[in-house]
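Down below is the structure, laid out as structure tokens.
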Amino acid sequence: MTKLDNKIFTISEVAYLKPGEEKSLKAYTYEEAVDKTQLGKFHYCLLLIAGMCFMACITEITGLGLIMFPAKCDLQFTLAQQGLLGSAGFMGVTVSSHFMGFLADTWGRVRSLRTMLLISLCTSLISTMSANVWMLFTFRFLTGVFISGCQACVFTLVGEFHSSKTRVKHVAMVSIFLPSGLIYLPALAYFILPLNINVHFLGINLLPWRVLMMANTLPSMIALAGVYWLPESPKYLLSQGKHSESVEILRKVYSMNSGKPKNTYPCNIVTLKDVGSDLSNKGIFGILKLVWTQTISLFTRDRVFQTVNMCTITFIINLIAQGTFMYFPIIINNLITHTESSLTVCQAFEVAGQSTSNLTLEEMCADPDSMNIQQYEFLTYIGCIFMLCYLFISAVIDYTGKKPLLMSWIALGGICSLLLHWINNIILVMVALTFTVTIANCIGIMSTIALEFYPTNINAMGVSFVMMVGRLGAVVGTNMVGPLLFSYCETLFFTYGGAITFICVLAFFLPRGNVK
């Protein structure tokens, strides 16, 4: 037996050793071992698969918001029910994220990801055949419950296959797939919604909005296929005491990246300070106790301030970004309809509210001008701007550092939200609105900060807890922003500016690394 840093491994566990080499073995930390795998094909495949998982999460949660008007005309739901439907996916993510993080920390990153992706895909497909508003709400909620497993696992999984040299950049690059989803969704809507489809199937009228919802599940299907190719996180396996399995995966990654045989990988003994928990031989009370223990670990004296700080920032970012984006189609439609009048956002809402106040839902649905298909073209352009912003963030984050970039981007969003009070040119309004909402770009940076702050045994739970509170902000935003846009529009955007200034100050106090 060889004792290394309080961890004991039998030499028989370590493959590829020649007789007599046992005494000369060098122990590598996990950080050193993962750095030795080099950066190559495996990591780019991992980035693509993780990105598709993240894109699936975005398309499943936000996709319904882009087809709310045709769905409303078909299922005949009210404005209040529209708010509930818009937040259904966010509600699902919020209530399940904490448990999904726990599951990823105890059951495995990849195993959790495979299971949750499969179930969410099934519930999403069922929701496309909804006969009424409550069936649609229920299955969109369930889709959110299970798709949250993607968010709980993806950032942690990517981070654990990288060393500190490349971790920040690649975790940030996963977030590039968020704007990919924002391009994919309106581009599909632009082509599918105008189609003359009305097929009677299983007692349901298969209209274009239902076909669009089916098409939105394609990223989930691609992600699911890719996840079955991925190995489990070697850092997670090491935290569970599965040393030989962990080293074998590191060898395979090294071989794929370098093109060299696995037996040339230099790290045969790998050590890790953090010891994880598993669900083996634990009853329901044991699991609940473990969940409580893992949760309390996020609020120890040396972590409580930063946990609350990160949660507050992500809550406000999601409230503003997701809440506003949910009503982007309505905002853009109003601006396009009154483009000749050169109105500000709030003036367009005032005029739109006056012109539709006496119309019934049937009359609005019968009016061909009620849904201008050009809005989806504008949304596609906005998605492209999001993409350029993410590429910019990924390119400069290693040079600027996380906190300075985070604070600068948040400040830019605050300035743009204030400018919306005065701007009345439709292109400038679109740009200012887009940069207000692109504070959502900062979620990827926040995930990286949380990823580096929490130790391995509570890492996925820590990241998912912060993201869970953020999604709670999205739930509040999607139910609050809509009514405020019609009633207190100018006050809303000034409040945005104040809230963004507040979180910019909080960002200054974010942690720089792990609490030991």
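As a size descriptor, the averaged projected area of the C-alpha convex hull of segment 458-516 was calculated at 5.1 nm².
Measuring r between the beta carbons of T501 and S164 and using R0 = 30 Å, the FRET efficiency lands at 0.40.
Legend: residue pairs K262/K403; K169/K242; K169/K260; K72/K402, Cα-Cα distance threshold 31 Å; pairs beyond threshold, K262/K403; K72/K402. Ordering L121, C57, M91 by Cα displacement along the dipole of segment 32-147 toward the positive end leaves L121 in first place; charges were set at the Cβ atoms of Lys, Arg (+1) and Asp, Glu (-1). Annotation for segment 130-228: chymotrypsin sites (Phe, Trp or Tyr not before Pro) lying in DSSP loop with at most 16 further Cβ atoms inside 10 Å of their Cβ are Y228.
Projected label points at E32 and A225, each 7 Å from Cα along the beta carbon direction, are separated by 4.2 nanometres. Neighbours of W229, meaning other residues whose beta-carbon lies under 15 angstrom from its beta-carbon, give a summed charge of +4 when Lys and Arg score +1 and Asp and Glu score -1. With viscosity set to 1.567 mPa s at 4 °C, what whole-number translational diffusion coefficient in µm²/s follows for segment 107-181 from Stokes-Einstein and a Kirkwood radius over Cα pairs? It diffuses with D of about 93 µm²/s by this estimate. The distance separating the Cα centre of segment 34-73 from that of segment 83-161 comes to 13 Å.
If the chain between N257 and F392 were fully stretched, how many nm would it gain, using 0.36 nm times the residue separation less the Cα-Cα distance? Gain on stretching N257 to F392: 46.0 nm. Taking label points 7 Å from Cα along the Cα-to-Cβ direction, I373 and W422 give a separation of 3.9 nm.
Say a paramagnetic label sat at a point 7 Å from the Cα of Y44, along Cα to Cβ; which residues of segment 233-273 have their backbone N under 18 Å from it? Within reach of a label on Y44, which here means backbone N under 18 Å from a point 7 Å along Cα→Cβ, segment 233-273 contributes 253-260. Modelled label positions at S408 and T491, each set 7 Å beyond Cα in the direction of Cβ, lie 3.6 nm from each other. Accessible surface of segment 148-224, 1.4 Å probe: 69 percent of it comes from carbon and sulfur atoms. You can think of it this way: the chain between A131 and I119 has 2.3 nm of extra reach, that is 0.36 nm per residue less the Cα-Cα gap.
The values are calculated or read from the model by the stated rules, or taken from the named source; none is laboratory data. Keep in mind that what you see is a predicted model, and the values were worked out from it rather than measured. Backbone-built Cβ (ideal geometry, glycine too); neighbour counts: all protein chains shown. Note: areas computed on protein heavy atoms with side chains; ligands, DNA, RNA excluded. Shrake-Rupley method; radii C 1.70, N 1.55, O 1.52, S 1.80 Å.
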